[in-house]
Amino acid sequence: MKKNYPLYDTVPIKDFKALTEDAVKNYPGKIAYSYRIKPNDEEVITKTFEQVRDDVRGYGTALIELGCRDKKCAIIGANTYGWICTYFALMAVGAVTVPCDKEMPASDLLGIIDRSESAFVFYGGECAEKIKEMKAARPDITWVCMNGKPLDEDATRRVLTARGSDLYENGDNSYYDYEIDADRMASIVFTSGTTGKGKGVMLSQNNILKDMSQGMYNFCITPKTLCVLPLHHTFGSTVNIVGHYALGCHVYISSGIKYFLKEMKEQQPTHLVLVPLFIETVYKRIWATAEKNGQDKLLRTMMKVSNGVRKVGIDARQKLFKSVLATFGGKLEMIICGGAALNQSIIDTFDAMGITILNGYGITECAPLISCNRNKYQKTGSVGTPIIGEEVKIADPDENGEGEICVKGPNVMLGYYNEPEATAAVFDEDGFFHTGDYGKLDEEGWIYITGRLKNLIIFSNGKNVYPEEIETEIQGIYGVSEVVVYAGNSKSNPEKEVIVAEIFPDYDALKLHGIEDAQAYFKKEVAEVNKRMVSYKTVGFVKIRNTEFIKNTSKKITRFNIDKTID
């Protein structure tokens, strides 16, 4: 049966207040969010778009009375309805949000609070112990509990929402009377930093809202998704919350990674927004399960049959892969993926089974979406075409057309907070933001990512190597769980440079195939990869590790703390 999902038509959204008001008119009676208060609760709470608007309006009215307008307000907590209401309400009343990673140590969070000059902190009850320590260190700050158990003397979102609703019902119109300047700073997002200390990215409401209204054009967003990405990161907040809210999508708020697979089966999302690590994990689980049951050869045969009959117009994927698709709830059609490179073989495998993966490209400084493939408009190996109204150029391209990707458009940040020199360093004289990512454009304007400038390996002979290119190849080796490629040095001969592939194996997968010597196995497999690479890109040393790489909460490996010695 043909499904008719609405195409987004780039109608501008004036500001966050208009976002919640327009949704009530556009999606009357529809569910906006659903969630559980505790992960194992039987009851699933639902909120319609009208209920969200009323909660945000009441909460916002009380926040104005509390003095939040024009103030920096840090948000620290898990993905919850309270987090979303806090974010929407602060934006709607003209405050400046400072979303923070709740997993950070208290000292680091205090550093962000101080750097951003936050006067208010909104926190989740799950962080209460950490907050108690922080509150003692900053008694001059106002602390508000968004959900869960508050510290005794704190204000709470529910109390504030009830008070603000009473104020509104009794004639307080301060929420609506205020005119928002959508071009001024509205959020400071500190980059998670896989290569070192992050910066405070200043984004306006226009940056965020235009990134969505002009970025999700020609998207057929399906009716329901499941939100698992951390909301303190722009991929989670801008795409999964703001973009999907504007499109009238029902978002189930996940209780966390631990419950993700269980929730997919129960909630039956029709699409997901994920980073590659999630997709790679599910991909490996599919094949591990098939191998354990002795059905991996059958699965490969079915994929060939499926791809063959599709060429003559017959799509049998829902029937052929019913048991596999049941892992995702049975209704999943699409995954929007961004944040890092994803091996094309994974994209092809999911496509053969009936799930379209749309690979995209973004960066916090661009709110974050720069480009994306779309449902009926895709190119293999590309991260898509730029959003509407955005210019992309390649700076100083080499003979292959590769150079630094530069962006100019309504989604590009205002600058780095209190760091004018750092801001000036990333904008050129024509106003283009230099992303620090390397890639190229084809003749039709499609973007292809080569690697990250900060990860670039530059040898003394002048040769440049993008580790991501090699990592993508090695990731396709059976039994690789995670891999990082870098230039390593020998303790005995520090002057010697060699490309190192450090691998964290999937030990269960190796055991299943009777592979006991991981070092010898991966050395042999990487040698096969080397045969496909030009000489200066070949891996000279394979290093095996026994633990996962350290990651930030965006599930990106933090490269700066890897020990790069090889003996």
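The values are calculated or read from the model by the stated rules, or taken from the named source; none is laboratory data. None of these values were measured; they are calculated from a predicted model. Cβ atoms come from the backbone with ideal geometry, glycine included; neighbour counts cover every protein chain shown. Accessible surface areas use protein heavy atoms only, side chains included; no ligands, DNA or RNA. Shrake-Rupley method; radii C 1.70, N 1.55, O 1.52, S 1.80 Å.
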Inset, instruction - Give the residue that is surrounded by the most Cβ atoms within 10 Å (Cβ to Cβ), with candidates limited to residues of the range 398-413 that are over 15 Å from Arg452 (Cα atoms) and more than 21 Å from the chain's Cα centre (by Cα). - result: Lys408
Legend entry - Lone qualifier among Val282, Val275, Val251 - being in contact (Cβ under 8 Å) with a residue 24 or more places away in the chain, touching a strand residue (DSSP E or B) at 6+ places or on another chain (Cβ under 8 Å) and open to solvent by 10 Å² or more (accessible area, probe 1.4 Å): Val275
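For Gly338, indicate whether it is touching a residue at least 60 places away in the same chain (Cβ under 8 Å), of a type outside the set (Asp, Glu) and either farther than 28 Å from Val228 by Cβ or surrounded by 14 or more Cβ atoms within 10 Å (Cβ to Cβ) (or both). Talk me through it step by step, then tell me what you get.
Values: touching a residue at least 60 places away in the same chain (Cβ under 8 Å): yes; of a type outside the set (Asp, Glu): yes; either farther than 28 Å from Val228 by Cβ or surrounded by 14 or more Cβ atoms within 10 Å (Cβ to Cβ) (or both): yes.
Judged against the criteria, Gly338 is a match.
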Legend entry - the range 545-565: number of residues that are surrounded by fewer than 18 Cβ atoms within 10 Å (Cβ to Cβ) and either over 30 Å from His232 (Cβ atoms) or modelled with pLDDT under 90 (or both): 11
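What number of residues within the range 513-544 are surrounded by 15 or more Cβ atoms within 10 Å (Cβ to Cβ) and either in contact with a helix residue (DSSP H, G or I) (Cβ under 7 Å, 6 or more places away or on another chain) or touching a residue at least 12 places away in the same chain (Cβ under 8 Å) (or both)? Steps first, answer last, please.
Within the range 513-544, the subset surrounded by 15 or more Cβ atoms within 10 Å (Cβ to Cβ) is 515, 518, 521-523, 525-526, 529-530, 533, 537-544.
Add one more test, that the residue is either in contact with a helix residue (DSSP H, G or I) (Cβ under 7 Å, 6 or more places away or on another chain) or touching a residue at least 12 places away in the same chain (Cβ under 8 Å) (or both), and what stays is 515, 518, 521-523, 525-526, 529, 533, 537-544.
Summing the residues that are surrounded by 15 or more Cβ atoms within 10 Å (Cβ to Cβ) and either in contact with a helix residue (DSSP H, G or I) (Cβ under 7 Å, 6 or more places away or on another chain) or touching a residue at least 12 places away in the same chain (Cβ under 8 Å) (or both) in the range 513-544 gives 17.
For Thr61, indicate whether it is touching a Phe, Trp or Tyr at 6+ places or on another chain (Cβ under 6 Å) and farther than 18 Å from Ala246 by Cβ.
When the stated conditions are applied, Thr61 passes them.
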Inset, instruction - Within the range 355-381, track down each residue that is crowded, with 22+ Cβ neighbours inside 10 Å and of a type outside the set (Val, Ile, Thr). - result: Asn359, Gly360, Tyr361, Gly362, Glu365, Cys366, Ala367, Pro368, Leu369, Ser371, Cys372, Asn373
Inset, instruction - Search the range 209-231 for residues that are closer than 19 Å to Lys376 by Cβ and pair each with any residue that is open to solvent by less than 10 Å² (accessible area, probe 1.4 Å) and among the basic types (Lys, Arg) when their beta-carbon atoms are under 7 Å apart and the residues are at least 6 apart or on different chains. - result: Asn218/Arg374; Phe219/Arg374
Inset, instruction - For the range 68-75, indicate whether the set of residues that are open to solvent by less than 30 Å² (accessible area, probe 1.4 Å), without any contact (Cβ under 8 Å) to a residue 60 or more places away in the chain, under 24 Å from Tyr33 (Cβ atoms) and assigned to a loop (DSSP other than H, G, I, E, B) is non-empty. - result: yes
Inset, instruction - Just one of (1) under 17 Å from Pro269 (Cα atoms); (2) open to solvent by 50 Å² or more (accessible area, probe 1.4 Å); (3) of a type in the set (D, E, K, R) trips up Lys304, so point out which. - result: (1)
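With the condition being among the aliphatic types (A, V, I, L, M) and touching a Ser or Thr at 6+ places or on another chain (Cβ under 8 Å), I'd like the strands (runs of 3 or more DSSP E) fully within the range 158-233 carrying at least 2 qualifying residues.
Values: elements: 185-190, 200-204, 224-227.
Here the list reads 185-190, 200-204.
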Inset, instruction - Quickly run through the range 86-119 and pick out the residues that are surrounded by fewer than 18 Cβ atoms within 10 Å (Cβ to Cβ), outside any helix (DSSP H, G or I) and over 22 Å from the mean Cα position of the chain (by Cα). - result: Glu117
Inset, instruction - Would you mind telling me which numbered condition in (1) under 14 Å from Gly389 (Cα atoms); (2) surrounded by fewer than 24 Cβ atoms within 10 Å (Cβ to Cβ) Met212 fails? - result: (2)
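Rundown of residues vs (1) at pLDDT 90 or above; (2) in contact with a Gly (Cβ under 7 Å, 6 or more places away or on another chain); (3) of a type in the set (Ser, Thr, Tyr); (4) under 30 Å from Pro28 (Cβ atoms), yes/no style:
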| position | (1), (2), (3), (4) |
| --- | --- |
| Lys135 | yes, no, no, no |
| Thr142 | yes, no, yes, no |
| Ala155 | no, no, no, no |
| Met185 | yes, no, no, no |
| Gly198 | no, no, no, no |
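Search the range 245-299 for residues being part of a strand (DSSP E or B) and not aromatic (Phe, Trp, Tyr), and hand back the single one that is farthest from the chain's Cα centre (by Cα). Show your work before the answer.
Our first condition is that a residue be part of a strand (DSSP E or B); within the range 245-299, this holds for 250-253, 271-274.
Now narrow it down to the ones that are not aromatic (Phe, Trp, Tyr): 250-251, 253, 271-274.
On the way: His250: 18, Val251: 15, Ile253: 15, His271: 15, Leu272: 11, Val273: 8, Leu274: 6 Å.
Here the answer is His250.
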Inset, instruction - Sort out which residues of the range 5-36 are in a loop (DSSP other than H, G, I, E, B), of a type in the set (A, V, I, L, M) and either at pLDDT 95 or above or buried (at least 18 other Cβ atoms within 10 Å of the Cβ) (or both), and write them in order of number. - result: Ile13
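Evaluate the range 51-62: report whether one residue or more is within 18 Å of Cys227 (Cα to Cα) and under 26 Å from the mean Cα position of the chain (by Cα). Explain how you work it out, then say what you get.
Residues of the range 51-62 that are within 18 Å of Cys227 (Cα to Cα), as a first pass: 52.
Keeping just the survivors that are under 26 Å from the mean Cα position of the chain (by Cα) gives 52.
Checked against the condition, which is being within 18 Å of Cys227 (Cα to Cα) and under 26 Å from the mean Cα position of the chain (by Cα), the range 51-62 yields at least one hit.
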Inset, instruction - Answer yes or no: is there a residue in the range 523-538 that is among the polar types (S, T, N, Q), at pLDDT 90 or above and closer than 15 Å to Val484 by Cα. - result: yes
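Please pick out the residue among Pro150, Pro139 that is part of a loop (DSSP other than H, G, I, E, B) and free of Cβ contacts under 8 Å to residues at least 12 places away in the same chain.
Pro139
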Legend entry - Tabulated pairs, the range 37-66, first within 30 Å of Asn173 (Cα to Cα) and open to solvent by 50 Å² or more (accessible area, probe 1.4 Å), second among the charged types (D, E, K, R) and modelled with pLDDT under 95, C-beta under 9 angstrom, 6+ apart or interchain: none
